[in-house]
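Read the figures in this text as sums done on the coordinates, not as results from a lab. Remember, it's a predicted structure, so these values are computed and weren't measured experimentally. When we count neighbours, we look across all protein chains shown, and the Cβ atoms used for this are built from the backbone with ideal geometry, even at glycine.
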Amino acid sequence: MIVISACLVGERVRYDGDHKLNLYLKSLIDDKKAVSVCPEILGGLQVPREPAEIEGGDGFDVWQNKAYVKTISGHDVTDQFKEGAKRTLSIMKHLNASKVILKSGSPSCGLSDIYDGTFTGNKKEGVGITTALLKLNNIDVYDETSIPTTFDNHEF
Ligand code: SF4
């Protein structure tokens, strides 16, 4: 079983109430080869919600209490982001899922770069908070730009 970011399969769970539909990934859900999760919703956040970015580092730094997640108005939502990551990991363990495809750029789901914490649209190298926790638990993490071409039936 594969786990996929809910916004990538058309669920309107992004902070602005929109989605980022990827038709191939949606087909995996429709074929019951994958399930969707949204860590930020699992962490108790609502739609819509204020945009949030990681200040002081990336997802790995958040787990070391060296960085934090703040909304654009300065509200600290680190605990909610961490809770959502833990719940995502729990779901993956329950499903015995070893692969996840997450949405690039997100403070939860980013895989290679994330917004830099200044809300100016600039990015920095680093991973999101959920991505970091899953990687620390030896789960294979991909994003929508790095879906393995080797996925075939024996992988699901
Ligand atoms: S990027 Fe991750 S946390 Fe953000 S809306 Fe998509 S699934 Fe939810």
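Filter Lys26/Lys103; Lys103/Lys135; Lys93/Lys124 down to the pairs with a C-alpha to C-alpha distance above 25 Å, please.
Lys93/Lys124
Out of segment 2-37, which trypsin sites (Lys or Arg not before Pro) are coil in DSSP terms and have no more than 14 other C-beta atoms within 10 Å?
The qualifying sites are Arg12, Lys32.
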Below 19 Å, Cα to Cα, which aspartates and glutamates can Lys70 reach? Residues fewer than 8 away in the same chain don't count. Asp16, Glu40, Glu50, Glu53, Glu55, Asp58, Asp61, Asp79, Glu83, Asp113, Asp116, Glu125
With a cut-off of at most 11 other beta carbons within 10 Å, and DSSP calling the residue loop, which trypsin sites (Lys or Arg not before Pro) in segment 50-156 qualify? Please list them. Lys66
Fluctuation leader among Ile41, Ile72, Ile139 - the chain, Gaussian network, Cα springs under 10 angstrom: Ile72
Identify all aspartates and glutamates with a Cα-Cα distance to Lys99 below 15 Å; exclude those on the same chain that are fewer than 8 residues away in sequence. Asp140, Asp143, Glu144, Asp152, Glu155
May I have the convex hull volume per residue, in Å³, for the Cα set of the chain? 100 Å³
Difference of contour (0.36 nm per residue) and Cα-Cα distance, Val47 to Leu136: 29.2 nm
FRET E, pair Asn96, Gln64, Förster distance 25 Å, beta-carbon r, rounded to 0.05: 0.30
Using a Gaussian network model of the chain with C-alpha springs under 10 Å, which one of Thr131, Thr118, Thr78 is most mobile by mean-square fluctuation? Thr118
Looking only at the chain, where both bridge partners belong to it, what percent of the DSSP beta bridges are antiparallel (to the nearest 5)? 40 percent
Before rounding to the nearest 500, sum -39500 (n - 2.57) across all DSSP H runs of length at least 4 in the chain and divide by the residue total; then give [θ] at 222 nm in deg cm²/dmol. -7500 deg cm²/dmol
